[in-house]
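The values are calculated or read from the model by the stated rules, or taken from the named source; none is laboratory data. Note that the structure is predicted; figures quoted are calculated from it, not measured. Counting neighbours? That spans all protein chains shown, and the Cβs are built from the backbone with ideal geometry, glycine included.
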Amino acid sequence: MTDETKKTGPDAGKHETAAENAAEAVASGQQDQETVEGGESRIAEPDPIEAIRAENTDLRDRFLRMAAEMENLRRRTERDVKDAKSYSVAAFARDMLAVSDNLRRAIDAVPAEIRAAADQSLTSLLEGVEMTERSMLSALERHGVKKMDAEGQKFDPNFHQAMFEIPNPEVPNNTILQVVQAGYTIGERVLRPAMVGVSKGGPKVEGTTAPGESETTNG
């Protein structure tokens, strides 16, 4: 029997059918594999670009918050440094004002007539005391200490301390007529209130506060 007879024998159809089935099975397996692989590729995985954008947004928010906090810290530090420079000498300046007061008392203790008839020694002494007082006040002013101009002003309990009342119907009530002890400020604060005498009996002025009364605000 020849090879051609073998190929065209009764089993030839079976072999061809088996081969076709095998080919279909292989093709089907490949399709299933492709379907599985395709399905896996379609599973929602994190988008790296969106992840980077979200991270950038978070970092930007953190940076802005940190920048705001640093700016607030810088402002607080500047304010603290400014206050330290302005008010660090407050206690010392207040003590020096007491010395200045004593110098002024020494000058005022010499009556004008005695000073006019004084010899050179007394005149030089008084001039030296006056020069010392001016020098001290000038040094204090360089450090932000300034004298209040209270006489003739309206009484303000924030800056003045009333010592007595002076009857005078010719001037508005609560006007400062006499300064017993000069007041001073340092920066924007009161270093020492002025001790004053205020008028009484004159017309009342709107917006003034009588000695001993506290200002009230509508809350």
## Note on the structure
Going through region 92-114 in order, the residues found to be assigned to a helix (DSSP H, G or I) and aliphatic (A, V, I, L, M) are Ala93, Met96, Leu97, Ala98, Val99, Leu103, Ala106, Ile107, Ala112, Ile114
### Positions within region 134-167 being of a type in the set (A, V, I, L, M) and either touching a helix residue (DSSP H, G or I) at 6+ places or on another chain (Cβ under 9 Å) or surrounded by 16 or more Cβ atoms within 10 Å (Cβ to Cβ) (or both), in sequence order
Met136, Leu137, Ala139, Leu140, Val145, Met148, Ala150, Ala162
#### Entry: Given (1) surrounded by 10 or more Cβ atoms within 10 Å (Cβ to Cβ); (2) more than 25 Å from Ile186 (Cα to Cα); (3) without any contact (Cβ under 8 Å) to a residue 12 or more places away in the chain, number of the condition Ile107 does not satisfy
(3)
### Query
Quick one: is Asp32 surrounded by 10 or more Cβ atoms within 10 Å (Cβ to Cβ), part of a helix (DSSP H, G or I) and at pLDDT below 85?
yes
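Just checking, does region 139-146 include any residue being assigned to a loop (DSSP other than H, G, I, E, B), within 48 Å of the chain's Cα centre (by Cα) and over 17 Å from Val196 (Cα atoms)?
Scanning region 139-146 turns up at least one residue that is assigned to a loop (DSSP other than H, G, I, E, B), within 48 Å of the chain's Cα centre (by Cα) and over 17 Å from Val196 (Cα atoms).
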### Task
Would you tally the residues in region 74-91 being in a helix (DSSP H, G or I) and surrounded by 12 or more Cβ atoms within 10 Å (Cβ to Cβ)?
5
### Query
Can you find a residue in region 115-133 that is surrounded by 11 or more Cβ atoms within 10 Å (Cβ to Cβ), within 30 Å of Pro203 (Cβ to Cβ) and either touching a residue at least 12 places away in the same chain (Cβ under 8 Å) or assigned by TED's automatic domain parsing to the domain that holds Arg189 (or both)?
no
